[in-house]
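**Student:** So that we are looking at the same thing, I have put the structure below in structure tokens.
The numbers here are math on the coordinates, done by the rules we state, and not lab data. Bear in mind that the values here come from a model prediction, so they are computed numbers and not experimental data.
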Amino acid sequence: MKLKHFLLTTLASLALSLALASGTPAQVDHDTMSDRTTEPTGQFQRIEQPLWARTAVTGAGLGLIGLELWWFLLSKPKSRQATVTGGVQEVTITVDGGYDPSYIAVQAGQPVRLNFYRKDPSSCLEEVRFPDFRIAQALPVNQTTAIEFTPTQPGRYEFACGMNMFRGTVEVMADDGQAILPEPLINVKLAHPPSHAVEAADAV
């Protein structure tokens with residue numbers, strides 16, 4: 001529903017700005033028509049708007065569109081720490097024009113249950129996918145669908161709708177509450193070392 005509202009308001013704002021900035025078409029008044037004896041042409045005459053009025057209306061429309069774009073695309077996602085119930089980390093996610101919250105923090109090594117309550121009937125949100133856990137689950141409208149998995153490795157795991165337009169993140173923390181980054185590949189032993197390395201070792 002939020003997506004539909006965003007698109008409709010954006011298109012309406014843009015259309016209104018362009019219409020007012022280019023001049024509002026209006027019919028010729030009754031007195032003017034009465035003075036004319038020629039056959040009506042069926043066309044309209046434009047009322048030219050002052051330059052300052054066009055600039056003000058266009059600026060207001062573009063500002064409104066920019067505000068909607070910032071709110072919809074660039075606003076900070078809501079986050080939530082999972083609560084533990086019966087040994088299971090649990091979070092309820094509302095599906096309505098996206099995922100709320102879209103950032104969930106959990107602990108590694110403990111079962112996770114994400115309860116998706118879908119309110120938005122758009123087809124884009126009828127399915128949610130967790131590619132790292134090989135999960136693809138349909139989400140019926142006005143129902144709560146539970147998805148369970150147990151993350152064993154700390155890191156960030158994304159989930160998305162079926163069309164990959166709306167996304168969320170599950171942040172898996174280590175026991176100390178910190179996400180573990182991949183360690184650099186150092187001190188790697190080669191099964192077959194290069195020939196020049198062997199020769200150098202023999203010379204020593």
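**Student:** I'd like the Karplus ³J(HN,Hα) series for region 52-61: coefficients 6.51, -1.76, 1.60, θ = phi - 60°, whole numbers in Hz, and an x wherever there's a Gly or Pro.
**Tutor:** 5, 5, 4, 5, 5, 5, 5, x, 5, x
**Student:** Separate question: Quick check: residue separation of VAL141 and ARG156 times 0.36 nm, minus the Cα distance between them. What number comes out in nm?
**Tutor:** 2.6 nm
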